[in-house]
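Heads up: the structure comes next, in structure tokens.
The values are calculated or read from the model by the stated rules, or taken from the named source; none is laboratory data. Note that this is a predicted model, so its numbers are computed, not measured. All Cβ positions, even for glycine, are placed from backbone atoms using ideal geometry, and neighbour counts span all protein chains on display. Each accessible area value is taken on the protein alone, full model and side chains, heavy atoms only, with ligands, DNA and RNA left out. Shrake-Rupley method; radii C 1.70, N 1.55, O 1.52, S 1.80 Å.
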Amino acid sequence: MRVAIHVFDGMTMFHLAAPLLVFGEVSRLGLAEDWQVVTWSADGSSVRTAEGVVLDELAGPGAAADADLLVFPAWPNDLPVPDPALLDLVRSTHARGGGIAGLCLGAYPVVGSGVLDGRTVVTHWEEADELARRHPEVEVCASDLYIDHGDVITSAGTASSLDACLHVVRVHLGATAAAKVARHIVVAPHRDGDQAQYIQRPVPDRDDDDNIGAVIQWALGNLDADLSVDELARRSHMSRRNFARRFSEVTGTSPGKWVLSRRLDHARMLLENTSSSIDEVARACGFGSTVTFRQNFTRAFSTTPTSYRNRFGEAAAPLRR
């Protein structure tokens, strides 16, 4: 897989470092032999970052012409209209089946190309209104961490780009590979795309947050148990209503969505690393039936558990009792 990352004068080093780090770790950890990362500028000239660091020996746009994934990690803060040649590159990459990623303000050139017309998009929350004003042909979801349409992915600001890049690794190489990369760079292995970019709340009640943290840790170790909101609230010594509110404030998502996502995460790991039957995986992950498991898995990942295992599984040992 050839990943082409766009750079420009004045971009911050963090925005560039996020995709370089995640995608570079794939090769450094030996997770895929065919991953290549190239960094390019509009004319192949060197660029100076916002921090004053000069990046030279860059490739030109020709190096991005055959990319499997075209990545825009950022865009200038004054939000200039993208050059027509750059927009043509995005369109041609998309037309031949290449993936497109617009991270943070990098959503601007991606949306400007028209490849997301009629679909949802996310960018840094401070510039979401401006993106919506300029491009009424898309629906801007200002609160999500990232949105993946399969062919095009956009993300919110700063650390959300790490989540989006890890998501790309997960899609192409599986949950185990993404977890290895996440552990190596010491970030959370999976944050869902529909979690909130930012959480507006008053100063937290420390006792409440500690209780919720303890319940989360217990739930992660007992995914096959009753993880209903009532049960989680009981364990946190809070009312159902107060627990649901505080949980959402702390995590950026609802208890029900969080539990389902963690169960599906665990299912992917088991499908990749054990030879246990689909029925056994469903039970180990706390799904009421195999049918319910298949329905939720297919809805979340657009593939069946069996197909996922055929793609990423290693035919490992069955689950231990």
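General observations
- Scanning the stretch 266-282 for residues that are open to solvent by less than 30 Å² (accessible area, probe 1.4 Å) and not hydroxyl-bearing (S, T, Y), we see that the one that is nearest to F301 (Cα to Cα) is R268.
- Residue in the stretch 63-76 that is surrounded by 12 or more Cβ atoms within 10 Å (Cβ to Cβ), free of Cβ contacts under 8 Å to residues at least 24 places away in the same chain and either more than 23 Å from H149 (Cβ to Cβ) or in contact with a His (Cβ under 7 Å, 6 or more places away or on another chain) (or both) present: no
- Among residues of the stretch 141-156 that are within 18 Å of K257 (Cβ to Cβ), those with a Cβ under 9 angstrom from a residue that is of a type in the set (D, E, K, R) and in a strand (DSSP E or B), sequence gap 6+ or separate chain, pair up as A156/D144.
- The residue list D226, D230 contains one member that is farther than 26 Å from D163 by Cβ, among the acidic types (D, E), part of a helix (DSSP H, G or I) and at pLDDT 85 or above, which is D230.
- Sub-8 Å Cβ pairs linking a first residue in the stretch 23-45 that is in contact (Cβ under 8 Å) with a residue 12 or more places away in the chain to a second residue that is open to solvent by 40 Å² or more (accessible area, probe 1.4 Å) and among the small types (G, A, S), at least 6 apart or interchain, are W35/S27; Q36/S27; V37/S27; A42/A85, ordered by first then second residue.
- Of S92, S46, all but one fail to be in contact with an Asp or Glu (Cβ under 7 Å, 6 or more places away or on another chain), modelled with pLDDT of 95 or more, open to solvent by 50 Å² or more (accessible area, probe 1.4 Å) and of a type in the set (G, A, S); the exception is S46.
- Residue satisfying condition, being farther than 29 Å from S248 by Cα, without any contact (Cβ under 8 Å) to a residue 24 or more places away in the chain and part of a helix (DSSP H, G or I), within set R133, R91: R133
- Criterion violated by V81 - all others in (1) free of Cβ contacts under 8 Å to residues at least 60 places away in the same chain; (2) touching a Phe, Trp or Tyr at 6+ places or on another chain (Cβ under 8 Å) satisfied: (2)
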